[in-house]
Amino acid sequence: MKIQIHAIGKRMPHWVREGFEDYQSRFPRHIKLTLREINMPERAGNADILRLKEEEGERLLSAVPPDDVVIALDEGGKQWGSRQLAAQFHNWLADKRDLSLLIGGPDGLSRMCLERANITWSLSRLTLPHMLVRVVLAEQLYRAYAITQNHPYHRD
């Protein structure tokens, strides 16, 4: 199974890369977690935010393979506890389709991304910086995998 995170924004601080790579390295060979960073459109002081968001959405969706299950990260999405996410992760593994997770820019995901998504997921009711979401997402996916394997990483 391939799990590809498509995220708007490049040039993340080293701690973001290191945190992501730490969790990425914990997955077994049959689960490949990758991060695809997509350039953010130029933003000027008087930028049309809706247009920029739509452009980001087009860039994200153009990177998604057509048969992937698409999961949009959005504050209005479903919220799962760790065990619920593990059950969902188990279903994704059984489905044998690859996953594409979408992380928008500072203004969130476009309408197109939300409409294309098979699932809309909210990591938290808190507002998280989109660079931090990469690390939290990688950790939560690993935690869900660990639960499905009865690995001691997750403690109730």
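The values are calculated or read from the model by the stated rules, or taken from the named source; none is laboratory data. Keep in mind it's a predicted model, so treat the numbers as computed, not measured. Note that we place each Cβ from the backbone using ideal geometry, even for glycine, and neighbour counts take in every protein chain shown.
Okay, here's what the table says:
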{"item": "Residues (of a type in the set (Lys, Arg) and in contact with a Ser or Thr (Cβ under 7 Å, 6 or more places away or on another chain)) located in segment 124-156", "result": "ARG143"}
{"item": "Residue match in segment 79-96 (condition: basic (Lys, Arg) and over 30 Å from TYR153 (Cα atoms))", "result": "no"}
{"item": "Test: residue in segment 74-96 that is basic (Lys, Arg), closer than 17 Å to THR148 by Cβ and modelled with pLDDT under 95", "result": "yes"}
{"item": "Positions within segment 15-51 being part of a helix (DSSP H, G or I), of a type in the set (S, T, N, Q) and without any contact (Cβ under 8 Å) to a residue 60 or more places away in the chain, in sequence order", "result": "SER25"}
{"item": "Search result, residues across segment 117-144 that are among the basic types (Lys, Arg) and under 16 Å from ALA7 (Cα atoms)", "result": "ARG134"}
{"item": "Segment 103-121, residues that are surrounded by fewer than 17 Cβ atoms within 10 Å (Cβ to Cβ) and under 20 Å from TYR145 (Cβ atoms)", "result": "ASN118, ILE119"}
{"item": "Breaking point among (1) small (Gly, Ala, Ser); (2) closer than 26 Å to LYS32 by Cβ; (3) in contact (Cβ under 8 Å) with a residue 12 or more places away in the chain, for ALA94", "result": "(3)"}
{"item": "Selection count, segment 115-134, where residues are out of contact with any strand residue (DSSP E or B) (no Cβ under 8 Å at 6 or more places or on another chain) and under 22 Å from VAL16 (Cβ atoms)", "result": "6"}
{"item": "Candidates GLU42, GLU18 - the one that is out of contact with any strand residue (DSSP E or B) (no Cβ under 9 Å at 6 or more places or on another chain), surrounded by fewer than 20 Cβ atoms within 10 Å (Cβ to Cβ) and modelled with pLDDT of 95 or more", "result": "GLU18"}
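Matching residues to (1) buried (at least 16 other Cβ atoms within 10 Å of the Cβ); (2) under 13 Å from the mean Cα position of the chain (by Cα); (3) assigned to a helix (DSSP H, G or I); (4) among the small types (Gly, Ala, Ser):
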site: GLU56; (1), (2), (3), (4): yes, no, yes, no
site: ARG59; (1), (2), (3), (4): yes, no, yes, no
site: PRO66; (1), (2), (3), (4): no, no, no, no
site: LEU73; (1), (2), (3), (4): yes, yes, no, no
site: GLY77; (1), (2), (3), (4): yes, yes, no, yes
site: ASN91; (1), (2), (3), (4): no, no, yes, no
site: LEU101; (1), (2), (3), (4): yes, yes, no, no
site: LEU123; (1), (2), (3), (4): yes, yes, no, no
